[in-house]
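Engineer: Before I ask anything, let me first share the structure, which is written out below as structure tokens.
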């Protein structure tokens, strides 16, 4: 799974897409682009859609978090740092984000030299050894056990179980009801807009097209 963030300020004509890729000297890319672009043929799904004054206040914080990302020239698909490490970092640095990443987003639990940290939503804590092994307990994310970068667990709020390589199976889908971006309204005229997206199939970082 490859995740990214798209932002659009009130007076901006286009979205800016922020993501980490596995090629180039600087792995962090922030560029003008479609927020719902396909990732090497795979249709994206919307994880979070934040608009209005809340989004307008968050966009400068997101820009600063991107500047402060500690691994701008490092990339490792498994267990991190990768695109999901980047998105998890930004979510942690912007408290009003409050977005839980899917358990199949390998790399989200990579904490670098850190061992204990708040979960991305800030509603719990996690222990992680360089993304290879860890435990997470959170009101929003539920409980997850990470072994060799693969996570399994439960989400009591969604009445769901989390399976490695499969994702979350349960009564409720906490990510926009699983709507593909093409059917979700992500381009209204608002003071500010954010779209958190993920490509649910395929490799984390396929080679660049030539």
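Engineer: For the residues 43, 8, what sequence is obtained by ranking on other C-beta atoms within 10 Å, fewest first?
Structural biologist: Lowest to highest Cβ neighbour count: 43, 8.
Engineer: Hey, another quick one. Suppose R0 equals 22 Å; then what is the FRET efficiency for residue 78 and residue 145 from their Cβ-Cβ distance, rounded to the nearest 0.05?
Structural biologist: 0.80
Engineer: For the residues 171, 130, 89, what sequence is obtained by ranking on other C-beta atoms within 10 Å, fewest first?
Structural biologist: 171, 130, 89
Engineer: Would you give the gap between the C-alpha center of the range 148-165 and the C-alpha center of the range 109-128, rounded to a whole Å?
Structural biologist: If we compute the Cα centre of each part, the gap is 16 Å.
Engineer: Ok, one more. So what's the projected area for the range 1-133, the Cα convex hull averaged over all directions, in nm²?
Structural biologist: With the hull built on Cα positions only, its mean projection is 8.0 nm².
Engineer: Rounded to the nearest 0.05, what FRET efficiency do residue 53 and residue 12 give with R0 = 22 Å and r taken as the Cβ-Cβ distance? Could you check?
Structural biologist: It comes out at approximately 0.90.
Engineer: Kindly put 20, 166 in sequence by how many other C-beta atoms sit within 10 Å of each C-beta, fewest to most.
Structural biologist: 166, 20
Since every read-out is calculated from the coordinates, none of them should be taken as a lab result. Here the structure is a predicted model, which is why all the values come from computation and not from measurement. Methodologically, a virtual Cβ is constructed for each residue, glycine included, from the backbone with ideal geometry; neighbour enumeration extends over all protein chains shown.
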